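The values are calculated or read from the model by the stated rules, or taken from the named source; none is laboratory data. Source: prediction; values computed, not measured. Every residue, glycine among them, receives a Cβ derived from its backbone with ideal geometry; neighbour counts consider all protein chains shown.
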Ligand SMILES: Cc1cc2nc3c(=O)[nH]c(=O)nc-3n(C[C@H](O)[C@H](O)[C@H](O)COP(=O)(O)O)c2cc1C
Ligand code: FES
């Protein structure tokens, strides 16, 4: 981890020095933003840690906790909303026993996220499972996909 | 046959429907030995961007010596038959061809920005050049002074497509006019590809389908204002668009349409991509600037406007993707051609994302001033399942709704503003009798409330209070004077907020109250007329329809349903969580909802 962080800090100094890009790259490397990383950058670059936390809590894209192995992103943009996204989300929550506060399963196998519009509104409702876009989703189909993924990760 | 071309729609929609597999199915089917060699030689295959009607994906064009046949709903396993019967045999597979609705969908549209989308290969710069791409850049550098460019754009009447509709030429002129010595030389142009309106995808489709037009627009804009650096601020939720834009920028640099000494003109300009990090407010220009600078994306008060003090305090022009993509077409075909479309004050065409309960959902480009009726019924093909139209929502979370009795309204900046809605960035969502307007208002407000950056009090606290009131109304706990309170608070938030987010956030609420007050009143009486608001519904089983199949019993997450096989089941109201799972699974319409 140390090495990766060193490299990111070096890039930061050599380039324009943009905190958002630095955090984006950190997240790309670790899947989330570890607290150690923030303190490391803070020391190394002499920037108060509060600025990193300020930025990372402002933007929806940053995660301060590790995420599940499978990422399910449900669109809750307007087009998906009027075509029943809420039902999909509630169904997936039930299937994965997730609550509003906790969106990653205890075994860290699944994370359920919501975004506002992925830009595929004409095939609403849309769900993205591990970066693959599924259009015209139904609660049934989504449950099936989750079951398949669960089986795969048990093997 | 000398020339065979296959075009597979591969925007986000096309890929989701399996476009990649269809393309490779064509590839392997055409490489079969049984296919005549000269056919294989003359064949080319292309991915193309969105052509609007994603609901019919995967769409495939087969062009034989330039005569075009279009297929819809193509799956990989259907490809072999198309190759055998159509390409080799010469007889198109008639039952898979696009039908009348596909042609109707396109007939009333006029495509400027989208004219090459869905036709050219967005990952190949030659494909863009072959349809006249970069002619505008060449023309500008060979024959026009920056002032000429500005004059031409002003004359065209082009107005910003990002929402506010500010005249683009005027903005450029203001930025050009800032004295360079005062500002240490540097100016910037930023392409706003944040596309925050949830339910709109015009900018995504333009970048995915024709990224070079946006780059060209930026180069020309940069030349006009004297900027040497450009940024594209794009949502990270659009990975395919980012990928294609990256490819396009690299290809344009290689051909010297951007970079140092562009086309030997002595003018330098380069473009960088900045990924957004998921904040709607960053679509607002001052917040966007803060975000590019690496800070929390919070807007600041204007003036000073970005054209005077923008990125890093330097003069900066910010334009929307669609605005910029119009530029090359205006330069090549002329301001008069462009302004021959549209109305007196709204020139040209506008791209809309037509979604919701219409038959043909998709991306459309229409001349400004077309009537809403033409959009919904001629292009959109009418309401899905022949239900009744209830409202059309435009402008997303900043906009309002239009009711069926106003369908003859002209769609342009002024006319929509008059009825309390806006053109906005181009989201157009059709709602039918099954949609609850209070729920729709609550939906938009929960979006703006969550996205409020928190800097100014009216927006931060005002949207929260508005949402609380809407929440209690949809839960059947509304108070008598809640509607008045919404109106009062809404207008206060509008007038006191710092940026466009707060200034427009109450619009969906105010406009639904204006036109659908009776729905609000019904909720206060404890009824949701459209049967959407969960807390106001009760579920029960209609015994005479229930076959006792047990599907609802298995689907119920709360264990509220009991019953023997082949006997009518029962729902225990005190256990029921009103999730609607039983209603969804029942094949016999035996679950009632009141
Ligand atoms: C809350 C808010 C969100 C906005 N989001 C966008 C957006 O996603 N895309 C966009 O082009 N303009 C957006 N705008 C408008 C921009 O501030 C700006 O007016 C526009 O980018 C200017 O470009 P144009 O003149 O070409 O329209 C937004 C404005 C506000 C207040
Ligand atoms: S609203 Fe879901 S993709 Fe746009």
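Of note:
- Pairs with Cβ under 6 Å, 6+ apart, first in the stretch B:285-310 and within 12 Å of chain A (Cβ to nearest Cβ), second surrounded by fewer than 16 Cβ atoms within 10 Å (Cβ to Cβ): B:296/A:54
- Among the numbered conditions (1) within 14 Å of another protein chain (Cβ to nearest Cβ); (2) away from ligand 2 (no atom under 14 Å from the Cβ); (3) over 16 Å from residue A:90 (Cα atoms), the only one that residue A:108 does not meet is (1).
- Single residue of the stretch A:69-83 satisfying the filter (away from ligand 2 (no atom under 16 Å from the Cβ) and touching a helix residue (DSSP H, G or I) at 6+ places or on another chain (Cβ under 9 Å)) that is nearest to the other protein chains (Cβ to nearest Cβ): A:70
- Within the stretch B:364-395, the residues that satisfy the criterion of being within 14 Å of chain A (Cβ to nearest Cβ) and within 16 Å of ligand 1 (Cβ to nearest atom) are B:394, B:395.
- Residue within the stretch B:161-174 that is part of a loop (DSSP other than H, G, I, E, B), more than 13 Å from ligand 1 (Cβ to nearest atom) and either in contact (Cβ under 8 Å) with a residue 12 or more places away in the chain or touching a strand residue (DSSP E or B) at 6+ places or on another chain (Cβ under 9 Å) (or both) present: no
Let's see how each residue does on (1) surrounded by 20 or more Cβ atoms within 10 Å (Cβ to Cβ); (2) under 24 Å from residue B:396 (Cβ atoms); (3) within 16 Å of ligand 1 (Cβ to nearest atom):
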position	(1), (2), (3)
B:507	yes, yes, yes
B:519	yes, yes, no
B:522	no, no, no
B:531	no, no, no
B:535	no, no, no
B:544	no, no, no
B:562	no, no, no
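- Some residue of the stretch B:14-34 being within 14 Å of another protein chain (Cβ to nearest Cβ), within 23 Å of residue B:205 (Cβ to Cβ) and part of a loop (DSSP other than H, G, I, E, B): yes
- Qualifying residue in the stretch B:184-200 (condition: under 24 Å from the mean Cα position of the chain (by Cα), within 16 Å of ligand 2 (Cβ to nearest atom), in a helix (DSSP H, G or I) and buried (at least 23 other Cβ atoms within 10 Å of the Cβ)): no
- When we screen B:242, B:219, B:206 for residues that are within 14 Å of chain A (Cβ to nearest Cβ) and buried (at least 24 other Cβ atoms within 10 Å of the Cβ), the only hit is B:206.
- Residue within the stretch B:296-308 that is more than 14 Å from ligand 1 (Cβ to nearest atom) and in contact with a helix residue (DSSP H, G or I) (Cβ under 6 Å, 6 or more places away or on another chain) present: yes
- Residue B:195 being more than 30 Å from residue B:11 (Cα to Cα) and in contact with a helix residue (DSSP H, G or I) (Cβ under 6 Å, 6 or more places away or on another chain): no
- Some residue of the stretch A:112-122 being within 16 Å of ligand 1 (Cβ to nearest atom), on the phi > 0 side of the Ramachandran plot and either within 11 Å of chain B (Cβ to nearest Cβ) or touching a strand residue (DSSP E or B) at 6+ places or on another chain (Cβ under 6 Å) (or both): yes
- Taking the criterion of being more than 17 Å from residue B:200 (Cα to Cα), part of a loop (DSSP other than H, G, I, E, B) and touching a helix residue (DSSP H, G or I) at 6+ places or on another chain (Cβ under 7 Å), the residues of the stretch B:383-410 that qualify are B:403, B:407, B:408, B:409.
- Filtered residues of the stretch A:6-28 (kept if in contact (Cβ under 8 Å) with a residue 12 or more places away in the chain and surrounded by 15 or more Cβ atoms within 10 Å (Cβ to Cβ)): A:8, A:9, A:12, A:19, A:20, A:22, A:23, A:24, A:25, A:26, A:27
- Strands (runs of 3 or more DSSP E) wholly inside the stretch A:37-155 that include at least 2 residues being surrounded by 15 or more Cβ atoms within 10 Å (Cβ to Cβ) and in contact (Cβ under 8 Å) with a residue 24 or more places away in the chain: A:70-75, A:110-115, A:127-129
- Top-ranked residue in the stretch B:8-54 [being within 20 Å of residue B:126 (Cα to Cα) and out of contact with any strand residue (DSSP E or B) (no Cβ under 8 Å at 6 or more places or on another chain); ranked as modelled with the lowest pLDDT]: B:41
- Filter pass, residue B:82 being closer than 30 Å to residue B:173 by Cα and either within 14 Å of another protein chain (Cβ to nearest Cβ) or assigned to a helix (DSSP H, G or I) (or both): no
- Residues of the stretch B:469-499 satisfying the condition of being within 21 Å of residue B:402 (Cα to Cα) and either touching a residue at least 24 places away in the same chain (Cβ under 8 Å) or within 16 Å of ligand 2 (Cβ to nearest atom) (or both): B:470, B:483, B:486, B:487, B:490
- Where helices (runs of 4 or more DSSP H) sit wholly within the stretch B:425-509, those with at least 3 residues that are over 30 Å from residue B:371 (Cα atoms) occupy B:437-451, B:457-474, B:482-496.
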